[in-house]
Each structure stands twice: as C-alpha cells, then as structure tokens.
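What follows is a short report on a single structure.
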Amino acid sequence: MDGISFDGRVVIVTGAGNGLGRSHALEFARRGARVVVNDLGGNINGGDEGTASVAQAVVDEISAFGGQAVANGDSVAEGERIVECALDMFGQVDVLVNNAGIIRNALFHQMTLADWEIALKVHLDGAFRTTHAAWPHMRTRQYGRVIMTSSMSGLYGMPTQANYCAAKLGVHGLTQSLAIEGRERNIMVNTIAPVSASRLTEAFWTPEMMQTIVPGMVTPLVVMLGHEACPATGALYEVGGGLINRMRWERSRGARWDVGKDFTAEDVLSAWSSIEDFSESDHPDSAASSAAILVAHIERRKGVPLD
Ligand code: NAI
C-alpha cells in the first residue's frame, strides 16, 4: 500500500475485541501489519472472567480480508504475556497500543478499595506491564511506537470516576517520561484522549451521537502515531468525532517575591489575580524549561528589589 504502510511491522493492540481497539487493529492489519489482537473479553466493569472468542472474532475479520493476526486472551494486568505472544508468533514488536479499559464508577465516598484497585490495575499497571515488557526489545531494535489511551475524564475530572481519572492521567505521566527515555532509541510515545461511541459510553451519549462519533474517527491518529513517520513524542491529543487537537501545559504570569525575603499567606492572597492571570502565559514543555524560570528568577532577584 502507498502512504502509511505497516508491511513488516508487528502491532499489539490491547483490548482490541471491541470499540476503539477493534477499529485500530483492523486498520493496522489493512495496512499490512501483523497484529496481536489482545482482549480478555470481559464486561465493562472488569468483573468477570471473560472469553477469548472476542479477540478471535476480530482475528477472523482480519483473516477474511487476507490480513495477518493472532488472538491473545491475557489480561493487560499480566501484559508481559501479551508481549511474549507477539514475540513467539511474529518475532518482534514495533507498535504497542495500550487501549484496554474498564470503568468502575462510584461516588468517591462510596468507592471501595476494590473499585480503586481494579481501575489502577487495568489502566495504569496494564500500560506499565505491557510497555515494560516491550521496552527492552524496542530499545535493542532502536525502534518503537507506543500509544497510551487516556481520557477527557482523566484530563478534567469526572464525578464517580476518581479511580478511572487517576489512572488515566497517570498513563500520560508514563508517556511523558518514556518519551524522554525513548527518544534517543527512536522510540516515540504519545497519548490520546479519545471520544467515541462504544459500549463504555452508550449510557453517556444520545443514540444520534452514538451513530456519529464512531471509533473509526479516532483510529487515523493512532495509526499515524504508530507509523515510522510519526512526528511527535510525549504529546497528548484529544481526538474524536472528526476533531484532533493537541493539548499542552500553560503556566500563568504568576507572582514573584524577592529571594531571601519572607512572604505570607496574606501576600499570596493579594497576588492572587497575578497567579491566575494567563494573559502573559507560557507553555513549558519539559522539567528543564519549567525550572529555567525559577533559576532566572533567583539570579535576577538576588538582592535586587522588586519592580
Ligand atoms: P470497549 O469496552 O468497547 O473496549 C475495551 C476493551 O478492553 C473490551 O473489549 C474489554 O474486554 C477489554 N479489556 C478490558 N479489560 C481488559 C484487560 N484487563 N485485559 C485485556 N483487555 C481488557 O471500550 P472503548 O470505549 O473502546 O475503550 C477503549 C479505551 O478507550 C479504554 O481505555 C477507555 O478507557 C478509553 N476511552 C474511551 C472513550 C470513549 O469515548 N469510548 C473515552 C475515553 C477513553
């Protein structure tokens, strides 16, 4: 295929039996990838044993158009087994799409430890376990593309989803560090925060929206980020329904006090409008660029009175 081809590449998509993951797996396979279709076939709450037939059904779809894929029914909570499967079947892993997910909603005062732990286990530990197993292999081959799946809930918060939100923002923390570590080995790691119709969201959207915001509107970005032409690393994108937007940090103008001078809670309150003022904001994109302003402030303000 001309354009974005995955001939010779091996792609793992976790949670690929339904929704977004299925759409990603089909498209990677259509573009020539050999795909590990992982899915334990559970319910949306992560509470049942599941069935391997869910992953196999997607493999059957791929086989039907002449693509190559293998089904894997392991949980991402044992993500190293999924990577082992890819290496056993296809001998390499080029792209990992961490997509598997569940929801276990409860208001925070009613949330049990089990609710908390399963959300962290599937989303954050699952992304860790799978990526950690693929990472040495990618480092050795000096090639890798990893896509993490976050969520608007994770970025902005959502009542009843404290567990999910914590895990979903956590996966972007993983992305940001791995992007820095992976860069010199040509391993690029990015995060998407998708919006799509799926069984996870059918209670949230109207039937009309469910018919409109299909998973196929998220997949093109995932495929592009999974390709060798991927131009980004460490980035976060909101994607869905025909929109793709990059997100980034924004730092307000802020307040400054002389180095070595005490300041009080009352001073902080007085300076609140400056602390909240985004009219002269900047966009630090690394810990170094964030710290640079502090270093400059200390240098500039040593013994010098405030303007
Ligand atoms: P879905 O329920 O259709 O698909 C998720 C798949 O993950 C299911 O097939 C499920 O069996 C599988 N899965 C669950 N736990 C697993 C585990 N431990 N190991 C392996 N597979 C497992 O849901 P959807 O919407 O396609 O979600 C995909 C990802 O996108 C999830 O991470 C979800 O949190 C995220 N997301 C989806 C949004 C949406 O609008 N659909 C919004 C924001 C995030």
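No value in this document is a laboratory result; all are computed from the given coordinates. Just so we're clear, the structure is a prediction, and the values are computed from it rather than from any experiment. Using ideal geometry, Cβ is built from the backbone for each residue, glycine included, and neighbour counts are taken over all protein chains shown.
Quick notes on this one:
- Globularity index of the stretch 193-307, i.e. its alpha-carbon radius of gyration over 2.2 N^0.38 Å: 1.64
- Note on the stretch 16-83: along the principal axes its Cα atoms extend 34, 21, 17 Å, ordered by decreasing extent.
- In this calculation the C-beta distance from residue 43 to residue 258 is compared with R0 = 45 Å, giving a FRET efficiency of 0.15.
- Long-range Cα-Cα pairs in the chain (distance over 32 Å), rounded percent: 33
- C-alpha long axis of helix 79-90 to longest principal axis of the chain, angle in °: 50
- Structural descriptor for the chain: relative contact order 14 percent, calculated from alpha carbon pairs under 8 angstrom and at least 6 residues apart.
- Sparse-neighbour loop sites [chymotrypsin sites (Phe, Trp or Tyr not before Pro); the stretch 125-217; at most 15 other C-beta within 10 Å; DSSP]: 204
- For the stretch 51-131, radius of gyration divided by Kirkwood radius, i.e. Rg to Rh on alpha-carbons: 1.07
- For the pair residue 246 and residue 30, a Förster radius of 22 Å applied to the C-beta separation gives a FRET efficiency near 0.25, rounded to the nearest 0.05.
- The order of 44, 103, 147, going from fewest to most other C-beta atoms within 10 Å of their C-beta, is 44, 103, 147.
- Remark: the residue 113-residue 51 segment gains 19.7 nm on full extension, using 0.36 nm per residue and subtracting the alpha carbon distance.
- Across all Cα pairs in the stretch 3-149, the calculated P(r) in 10 Å bins from zero up to the longest distance comes to 13, 44, 31, 10, 3, 0 percent per bin.
- Overall size of the stretch 98-225 from C-alpha positions, given as principal axis extents largest first: 44, 36, 20 Å.
- Summing +1 for each Lys or Arg and -1 for each Asp or Glu among the other residues whose beta-carbon sits under 15 angstrom from that of residue 275 gives -4.
- Only beta bridges with both residues in the chain are counted; by DSSP, about 20 percent of them are antiparallel.
- The stretch between residue 200 and residue 5 holds 67.2 nm of extra length on full extension. This uses 0.36 nm per residue minus the Cα-Cα distance.
- GluC sites (Glu not before Pro) restricted to the stretch 39-129 and DSSP loop, no more than 11 other C-beta within 10 Å: 49
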